[in-house]
């Protein structure tokens, strides 16, 4: 897939629309974010550059992009807000830290093996899969062990 901004512009123009400055800001911010932001988090980023941009514009743009297959909506655990992830050409999976709430993407041949075994035993055809692992990321574990070491030395 081409760059998200370029692909979005192509789709908008093919439908007779135009890439407004606000849409461009939203797509650029989404493309540049390492995490899987909520609409509110994305709005907080883009409203720094354009304070007149409304949250409803962010939601409309994200829902349109989702409908076009440009992004995926993700829900992690018992969060009440959707998170948005640019669509990738290959399937990938997620790890969410329960401490800092960061989200990391990963690929796994093991998941593909599980899907193949399921198909073999069930006769079903798996089109896509979603795996989310939850735990404590290396950064938070490191901070936690540092705090334990500080406590032990007192």
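Exactly one of (1) over 24 Å from residue 6 (Cβ atoms); (2) in the same structural domain as residue 6 (by TED's automatic domain parsing); (3) touching a helix residue (DSSP H, G or I) at 6+ places or on another chain (Cβ under 6 Å) is unmet by residue 52. Its number?
Among (1) over 24 Å from residue 6 (Cβ atoms); (2) in the same structural domain as residue 6 (by TED's automatic domain parsing); (3) touching a helix residue (DSSP H, G or I) at 6+ places or on another chain (Cβ under 6 Å), residue 52 violates only (3).
Of the residues 48, 60, only one is part of a helix (DSSP H, G or I) and more than 27 Å from residue 14 (Cβ to Cβ); which?
48
Give me the strands (runs of 3 or more DSSP E) completely within the range 72-117, filtered to those with at least 3 residues that are over 28 Å from residue 55 (Cβ atoms) and not assigned by TED's automatic domain parsing to the domain that holds residue 130, ordered by residue number.
It comes to none.
Take the residues in the range 120-139 that are assigned to a loop (DSSP other than H, G, I, E, B) and at pLDDT 90 or above, then tell me which one is surrounded by the most Cβ atoms within 10 Å (Cβ to Cβ).
Checked the range 120-139; the qualifying residue surrounded by the most Cβ atoms within 10 Å (Cβ to Cβ) is 137.
The values are calculated or read from the model by the stated rules, or taken from the named source; none is laboratory data. What you see is a predicted model, and the numbers here were worked out from it, not measured in a lab. Backbone-built Cβ (ideal geometry, glycine too); neighbour counts: all protein chains shown.
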